[in-house]
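Here the structure comes first, spelled out in structure tokens, and everything after it is commentary.
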Amino acid sequence: MAKTIMIQGTMSNAGKSFLCAGLCRIFKQDGYRAAPFKSQNMALNSYITKDGLEMGRAQAVQAEAAGTEPAVEMNPVLLKPTNDVGSQVIVNGEVLGNMSAREYFTYKKRLIPDLLRAFEKLDAEYDVIVIEGAGSPAEINLKTEDIVNMGLAKLVDAPVLLVGDIDRGGVFAQLLGTVMLLEEEERERIKGVIINKFRGDKTILAPGISMLEEKIHMPVLGVTPYLPVEIEEEDSLSERFFGKRTNSRYGRIEIAVILMPRISNYTDFMLLENREEVFLHYVKRVSELGDPDLILLPGTKNTMGDLLWMRQNGLEAAVIKAARKGTAVFGICGGYQMLGEALCDPLGIENGGAMRGMGLLPVQTTYTEGKTRTRVHGRFAEIEGVLGRLLGRAFEGYEIHMGETVRMEENLTEAAKKCTSKETVLGAGMTEIIDAVSGKRGMDGLSKGNVYGTYVHGIFDREEVADGIISSLAEKKGIRLERQKGMNFREFKETQYDLLAAGLREHMDMKEIYRIMGFIDG
């Protein structure tokens, strides 16, 4: 049987995922086979396993930190919000269906056997399981049906560490209030608390820590600082969205990412974001767009809804204007679908009905009940315009989407624009891909002038692809960039996990945590 430790938080974005990744890395460094586990995750940033199943990206990142292959058992239930009151429910990596919040609330306890089977499989294969909670255990309106916080801790008999976020203020009230709202049996599961995201002189906290320990009758096991490490995030509260961001004194290539309400898989841009030559920022309104060298349209869980949002706030018109002026525009997944002529939803998978697209690529998307989930690798094939330097360059990534996108005749009829025509041509795509699960070859994506679209998430993650984009944009801009040492993204992530582990070792009482887990007697 594996030893367990569970990280719960006083709120969303308290740093649970971050700390779990760090602990996974520490256990790996100490010679243990560690695995993450989150029974139920709500996120739009997901991951496709080698066997084509879907799971939360946070657990994939934690598995990577632990040096093990991500598996769907690490996150057996994933909720992907489709609107403000409903989600697509994914169980054991496959779509169960869409449910309203109320429907899922009454249904979710039926998933306990699935959760336990997943946990038991990890329990048989690993030495340590690092469990992540969700939100807060003190959400008293949800406690009766809880399967992810104290309800899960009881099911698997896991000791708990409670984490509070001092960066938002009121951390002592967060921790004390959470403990006070728990039942006595639940309080007994908490073996210590952690104050996370601290900036400044830790000694100033001493009186508050002493008073907190006296009131909650449990120790503060760490005051972890705001660690300057770059690890893929999952939460919609990702700080990279707030304000502009640049990474160096260079940043002469400007890239704008449209920050859609239901943006998903925004980690697609992490490598570009960390390149010294690039100034990458996220925009929500036309006034923030400026005159970038490249506009990126990311994935979204509701393509039609987010395109309508862009249409209403003027961003769609601004992107079309920029494209016609010669600015490079690149759409991934839902962003690719938006660039087409039409979006058709006869079954009501998204918003229902039909909707015109931006008309920048000659494709049409029809939503069906099936969901594509697969890992792929391949090379850029038919590609035009400013990014033509990408021709022949290799990439790898994954596809995860609803809907089928087909290339259409250049001279579209009005009927085609209304999604009633089936006159389509499946000609060559922008990328030649190989399905890593089935080995099937195919073509995907499309380029037309300086507009590009593909379903492949992670397509920018290889150094040679990022180099090709940056050099192409610099050439178009008529500037010479000081050649920077390329970034091996995998090696970069490994260094970041090590930095995170070192920071947690320095600022948390790991000896006591090992004792709590049962590795040390006493």
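Cβ-Cβ distances below 9 Å connect the following pairs, each with a first residue in the stretch 134-149 that is on the phi > 0 side of the Ramachandran plot, a second residue that is in a loop (DSSP other than H, G, I, E, B) and buried (at least 23 other Cβ atoms within 10 Å of the Cβ), and a separation of six or more residues or different chains: G135/V148; G135/N149. Would you check which residues across the stretch 30-57 are within 17 Å of I5 (Cα to Cα) and open to solvent by 10 Å² or more (accessible area, probe 1.4 Å) and list them? Those that are within 17 Å of I5 (Cα to Cα) and open to solvent by 10 Å² or more (accessible area, probe 1.4 Å): D30, G31, Y32, R33, K38, Q40.
Applying the condition of being open to solvent by 20 Å² or more (accessible area, probe 1.4 Å), among the aliphatic types (A, V, I, L, M) and at pLDDT 60 or above to the stretch 223-258 and asking which residue is nearest to the chain's Cα centre (by Cα) yields V229. Answer yes or no: is there a residue in the stretch 274-286 that is within 17 Å of the chain's Cα centre (by Cα), farther than 19 Å from G326 by Cα and among the acidic types (D, E). Checking the stretch 274-286: not a single residue is within 17 Å of the chain's Cα centre (by Cα), farther than 19 Å from G326 by Cα and among the acidic types (D, E). Of the residues making up the stretch 180-190, just one is open to solvent by less than 70 Å² (accessible area, probe 1.4 Å), part of a helix (DSSP H, G or I) and either in contact with a strand residue (DSSP E or B) (Cβ under 6 Å, 6 or more places away or on another chain) or more than 22 Å from V130 (Cβ to Cβ) (or both), namely R189.
Looking at L297, L347, L360, which is the one that is modelled with pLDDT of 95 or more and more than 20 Å from the chain's Cα centre (by Cα)? Let's see the steps before the verdict.
Values: L297 fails: more than 20 Å from the chain's Cα centre (by Cα); L347 fails: modelled with pLDDT of 95 or more.
Within the list L297, L347, L360, the selection yields L360.
Can you say whether M402 is in contact with a Pro (Cβ under 6 Å, 6 or more places away or on another chain) and at pLDDT below 90, as far as the supplied structure shows? When the stated conditions are applied, M402 does not pass them.
Just one of the listed residues (A14, A21, A65, A60) is under 19 Å from E230 (Cα atoms), part of a loop (DSSP other than H, G, I, E, B) and open to solvent by less than 10 Å² (accessible area, probe 1.4 Å), and it is A14.
The set of residues in the stretch 270-281 that are open to solvent by 10 Å² or more (accessible area, probe 1.4 Å) and either outside any loop (DSSP other than H, G, I, E, B) or within 19 Å of M338 (Cβ to Cβ) (or both) contains only F279. Restricting attention to the stretch 191-200, the residues being in contact (Cβ under 8 Å) with a residue 60 or more places away in the chain and open to solvent by less than 70 Å² (accessible area, probe 1.4 Å) number 4.
Scan the strands (runs of 3 or more DSSP E) fully inside the stretch 439-486 and keep the ones with 3 or more residues being closer than 20 Å to L271 by Cα.
Numbers: elements: 441-444, 446-448, 451-454.
Answer list for the stretch 439-486: 451-454.
The values are calculated or read from the model by the stated rules, or taken from the named source; none is laboratory data. These figures come from a predicted structure and were not determined experimentally. Positions of Cβ are generated from backbone atoms using ideal geometry, with glycine treated the same way; all protein chains shown enter the neighbour counts. Side chains included, ligands, DNA and RNA excluded: accessible areas come from the protein's heavy atoms. Shrake-Rupley method; radii C 1.70, N 1.55, O 1.52, S 1.80 Å.
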